[in-house]
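Written below as structure tokens is the structure these notes are about.
The values are calculated or read from the model by the stated rules, or taken from the named source; none is laboratory data. Just so it is clear, the structure is predicted and the values come from calculations on it, not from any experiment. For neighbour counting, all protein chains shown are included, and Cβ atoms are generated from backbone atoms with ideal geometry for every residue, glycine included.
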Amino acid sequence: MNSHETQFIITMDRQASLSKVEEAMMNMVSKFVTGFESSLESEDWKSTDFSPFSPGFRSVVSKIPVKVCLAGHGGTGKTTLLELATLPSQGPPQEYVPTFFGDKAFLKADFDPYVFSVFDLGGQDRFVQEWGKIIRAGSMVVIVSDSTAENIEWTRRVAYPVLRTELPYARIVAVANKQDLPGALSPQEVGRRLGVPAYGMQANRRDFRERWLKLLKDLAFETIEFNIVSDIEGI
Ligand SMILES: Nc1nc2c(ncn2[C@@H]2O[C@H](COP(=O)(O)OP(=O)(O)O)[C@@H](O)[C@H]2O)c(=O)[nH]1
Ligand SMILES: [Mg+2]
């Protein structure tokens, strides 16, 4: 973007949505120009210290939500995870309510400067074809598994092809949910079979909330093991 004979360049993650980037850029440029108009219009810019504006640059990041997609078969716990993250005052729902297409929630927690928009993708087979429209421009994918062999088979067969096509560059981890159920595969085993690092969870228990939020944060800041969709073995 050009303004006041100054060129502004934002370098983005390739998954960011263009309209969000444009909005953030306009916002940032107009504040910058307002603050430094006189120096930009004269030779003063050469000696101006622009560093006081750095919080302004930083705020751009928080204007572009990091899109997180919860992907997995119906009944694995996606909606429960979404509620666990967003509704701390109410306990997670104990009743199963199938999701149409998908729900979405904004998440502001201890992720500064990031804000997440979390999408819960409807996991009934007939909705999976619609995922493409919902997950476009997603940066992070959380595969939600109920830690059974059948579910992992479904994920690889039905979900992986859609993810590979739509989000090849997204970061991906798996949640090995329902660790309380007898016969649940260990997180290590779920991770091995999915080809994606997996983290154990019990989404229907409120005391797992911190662990869940930390997982999202660590994925955003790249401080845990993760994979990239197109790098998953055998995808
Ligand atoms: N035993 C057990 N049940 C869970 C766990 N997480 C979620 N559930 C239950 O599994 C069912 C399906 O969860 P839901 O979030 O609706 O699945 P979704 O279709 O992936 O959105 C609900 O009855 C939840 O209460 C868990 O860790 N352990
Ligand atoms: Mg659901």
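Selection of the range 176-231 for residues being more than 16 Å from Thr76 (Cβ to Cβ), within 16 Å of ligand 1 (Cβ to nearest atom) and outside any helix (DSSP H, G or I) yields Pro182, Ser186.
To keep it simple, each residue is scored yes or no on (1) more than 19 Å from Phe116 (Cα to Cα); (2) not aliphatic (A, V, I, L, M).
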residue: Thr6; (1), (2): yes, yes
residue: Ile9; (1), (2): yes, no
residue: Val21; (1), (2): no, no
residue: Lys31; (1), (2): yes, yes
residue: Ser39; (1), (2): yes, yes
residue: Pro52; (1), (2): yes, yes
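When Thr76 is tested against (1) modelled with pLDDT under 90; (2) surrounded by 13 or more Cβ atoms within 10 Å (Cβ to Cβ); (3) among the hydroxyl-bearing types (Ser, Thr, Tyr); (4) in the same structural domain as Ile172 (by TED's automatic domain parsing), just one condition goes unmet, and that condition is (1). Of the residues making up the range 38-70, just one is surrounded by 12 or more Cβ atoms within 10 Å (Cβ to Cβ) and of a type in the set (Asp, Glu), namely Glu41.
One residue is enough: does the range 154-166 have a residue meeting the conditions in a loop (DSSP other than H, G, I, E, B), buried (at least 17 other Cβ atoms within 10 Å of the Cβ) and out of contact with any Lys or Arg (no Cβ under 8 Å at 6 or more places or on another chain)? No.
Assess whether Ala184 counts as being among the hydrophobic types (A, V, I, L, M, F, W, C), surrounded by fewer than 19 Cβ atoms within 10 Å (Cβ to Cβ) and more than 14 Å from Ile235 (Cβ to Cβ). Considered against the rule, which asks whether it is among the hydrophobic types (A, V, I, L, M, F, W, C), surrounded by fewer than 19 Cβ atoms within 10 Å (Cβ to Cβ) and more than 14 Å from Ile235 (Cβ to Cβ), Ala184 comes out as no.
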